[in-house]
1. Okay, helix-only estimate at 222 nm for the chain: each DSSP H run of n ≥ 4 adds -39500 (n - 2.57), divide by all residues, round to 500 deg cm²/dmol; what do you get?
2. For q values of 0.13, 0.17 Å⁻¹, compute log₁₀ I(q)/I(0) with the Debye formula on a Cα-only model of the range 4-159, without solvent.
3. For Cα pairs less than 8 Å apart in space and 6+ apart in sequence, what is the mean separation divided by the residue count of the chain, i.e. the relative contact order in percent?
4. At a 10 angstrom cut-off on C-beta neighbours, averaged per residue, how do the peptides 27-33, 75-81 rank from highest to lowest?
5. Could you check which residue among Gly38, Gly148, Gly71 shows the biggest mean-square fluctuation in a GNM of the chain with a 10 Å Cα cutoff?
6. Compute the longest continuous run of the chain that contains no exposed trypsin sites (Lys or Arg not before Pro); treat a site as exposed when its DSSP state is not H, G, I, E or B and it has at most 12 other Cβ atoms within 10 Å.
7. Please work out the FRET efficiency for the pair Ile73 and Ala99, using the Cβ-Cβ distance as r and a Förster radius of 22 Å; give the result to the nearest 0.05.
8. Sum up the charges of everything whose Cβ sits under 10 Å from the Cβ of Gln127, counting Lys and Arg as +1 and Asp and Glu as -1, but leave Gln127 out.
Amino acid sequence: MLSKNMVTKLNNQINLENYSSNIYLQMSAWAEIKGLDGSAAFLRQQAREELDHMHRLFQYVHETGALPVLGAIKAPATEFESISEMFKQVLEHEKLVTAKINELMDAAIKEKDHSTVNFLQWYVAEQHEEEHTIQQVLDKIQNIGEAGSGVYFIDRAIGGMVHKN
């Protein structure tokens, strides 16, 4: 059984994952409007993954006998200065999510909630992967450069990172 504090923190994470999905879905719309189909596909994939993260948390809270609670989430930004600026925002957001997962883990350890510690291990590993992937995107942007036809090649490189399911 989860403590009231842990239920609150997990529900907050559920809503953060939902917001993350909305951010990436909105970014994909911006990318598509700009003709950046590879980036749009990558961001839609990220949006789906964030929803999967939310559902996994939702199910865990439910399985513990607690009530998962969805709250209001703010609308994400709709405009970005450039592809590099957009992906810098993605990295900053992923760092925020990592910090929140670490806070959850700290709380579970403090409460000696071993089941939740075990459950959160997947998120710890996932956040490492997420930050690494977005850093790879930013490295590609920096290496290729946005001048001239650079954005075209950046978009192709990012599109090549989409997992074929």
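1. -27000 deg cm²/dmol
2. Values, matching the q order: -0.62, -0.94.
3. Rounded, it is 29 percent for the chain.
4. Descending mean neighbour count gives 27-33, 75-81.
5. Of Gly38, Gly148, Gly71, the most mobile in the Gaussian network model is Gly148.
6. 1-73
7. Given R0 = 22 Å and the Cβ-Cβ separation, E is 0.75.
8. For residues surrounding Gln127, the net value is -3.
Taken together, the values in this text are just the output of simple stated rules run on the coordinates, not laboratory data. The structure displayed is predicted, hence computed values, not measured ones. Because the Cβ atoms are built from the backbone with ideal geometry, glycine has one as well, and the counts that use them run over all protein chains shown.
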